[in-house]
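The values are calculated or read from the model by the stated rules, or taken from the named source; none is laboratory data. In this text the structure is predicted, and so the values were computed from the model without any measurement. Backbone-built Cβ (ideal geometry, glycine too); neighbour counts: all protein chains shown. In case anyone asks, the SASA skips ligands and DNA or RNA and just uses the protein heavy atoms, side chains included. Shrake-Rupley method; radii C 1.70, N 1.55, O 1.52, S 1.80 Å.
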Amino acid sequence: MGEFSAQWLALREPVDHAARSARVRDVLLADLRKRHGEQLSGLSILDLGCGSGSNLRAIAPHLGGQQRWCLVDYDDALLDAARLALKAWAHVVVSETTDSLQIMYGDRDIEITFRSADLSGDLQTVLAWPADLVSASALFDLVSRQWVDRFCDALRTPLYAVLSFDGQMQWEPEHPFDQTVRQAFCMHQATDKGFGAALGPSSGRYLCDALKQRAFEVTIDKSPWQIEDLPSAFHDMLIDGIAHAVLETGSLGEADMDTWLAYHRRASLCLIGHDDLYASVP
Ligand SMILES: C[S@@+](CC[C@H](N)C(=O)[O-])C[C@H]1O[C@@H](n2cnc3c(N)ncnc32)[C@H](O)[C@@H]1O
């Protein structure tokens, strides 16, 4: 547990928000309006693997006046970080208890419940909590085929699942080790992240197919990180994380990895691919 630091999630949040597919978000909002009315008020959203709450901060401004969010993670330190980040983001903190928070963001009145749960085991219980929408960002590339199958069998609401890594990884200027690094990183992404062998780069496509097989109507689109403002703290932490993973696979040794890191610290452009998806209930 605790593989994702609050510092990393804070650095990636603006890049994640900029990368999200506007097309998928528009389909989500149009479908929710069709089901719940133009005002999009009174919606309940269950956010899985919430981290420090980035997904709420991305979507809540697009939804209506009254919102209820249930933020789920198994990392209690990240649930604490989510509370702090949401209080800092809010225009007004209305009230709070040990497991809840009520805030105003502009004219949005947002009630938030924080739930600690391990989704690898508690999936059925968590999905039984009342919700009009299940959401997740940067979660589905961690899970296994078997978990996605169980998840899709149990899902009774629309799903908004964004920022699943799709295997694309490019820098400008290129380095001769880039392909080896990309392949090794994808291999590492497919190792067990607590749910069995992870889908990693094939998660977006697998989730899309699994939902379609169960008659969900699916919209999928790309949401790449396009990191141009280099050097940056985010890019430094990204390539350090990639190098760490590649070293664990044994595909490159430390000296080669150091050469690669030194080269890309001066990169002018980095592109990391993702899939965003919205699935409307049959
Ligand atoms: C890449 S982070 C994404 C966090 C957040 N959704 C975001 O977009 O910033 C993946 C999140 O999934 C959570 N997670 C991983 N495995 C989990 C599990 N078995 N049960 C619950 N949460 C889990 C991690 O603690 C982390 O917060």
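A compact table of results
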| read-out | value |
| --- | --- |
| Share of carbon and sulfur in the accessible heavy-atom surface of region 1-41 [1.4 Å probe, %] | 52 |
| FRET efficiency, Ala262 to Asp192 (Cβ-Cβ, R0 30 Å, nearest 0.05) | 0.45 |
| Expected 222 nm ellipticity per residue - DSSP helices of 4 or more, -39500 (n - 2.57), all of the chain, to 500 | -12500 deg cm²/dmol |
| With every protein chain in place, region 94-135: carbon and sulfur % of accessible area (1.4 Å) | 45 |
| The chain, relative contact order in percent, only Cα pairs under 8 angstrom and at least six apart counted | 21 |
| Region 125-187: translational diffusion in µm²/s, Stokes-Einstein, Kirkwood Rh over Cα pairs, 10 °C, 1.306 mPa s | 111 |
| Once the Cα gyration tensor of region 34-79 is diagonalised, semi-axes √(5λ) in Å | 24, 10, 7 |
| Local electrostatic count at Asp47 - Lys and Arg +1, Asp and Glu -1, tallied over other residues with Cβ under 12 Å | +2 |
| Length gained when the stretch Leu269-Ala10 is fully extended (0.36 nm per residue, less Cα-Cα span) | 91.2 nm |
| Fully extended contour minus Cα-Cα distance, from Ala255 to Ser95, at 0.36 nm per residue | 52.3 nm |
| Cα gyration tensor, region 1-147 - rounded (a/c under 1.5), prolate or oblate | rounded |
| Alpha carbon centroid spacing (whole Å) that separates region 187-210 from region 1-59 | 21 |
| Karplus (6.51, -1.76, 1.60) ³J(HN,Hα), θ = phi - 60°, over region 51-58, in Hz, Gly and Pro reported as x | x, 9, x, 4, 5, 4, 5, 6 |
| Å² per residue, accessible surface of the chain at 1.4 Å | 44 |
| DSSP-defined antiparallel bridges as percent of all bridges, the chain, nearest 5 | 60 |
| Given the chain, longest segment not containing exposed loop GluC sites (Glu not before Pro) (DSSP; at most 15 other Cβ within 10 Å) | 39-173 |
| Shape box of the chain [Cα atoms, principal axes, largest first, Å] | 55, 42, 32 |
| Trypsin sites (Lys or Arg not before Pro) restricted to region 156-254 and DSSP loop, no more than 16 other C-beta within 10 Å | Arg156, Arg214 |
| Label-point separation, Asp240 to Arg156 (7 Å along Cα→Cβ), nm | 4.5 |
| Computed accessible area, Met237, all protein chains, 1.4 angstrom probe, square angstrom | 60 |
| Mean Kyte hydropathy of 1.0 or more with a Cα span along the axis of at least 24 Å, helices from DSSP in the chain | none |
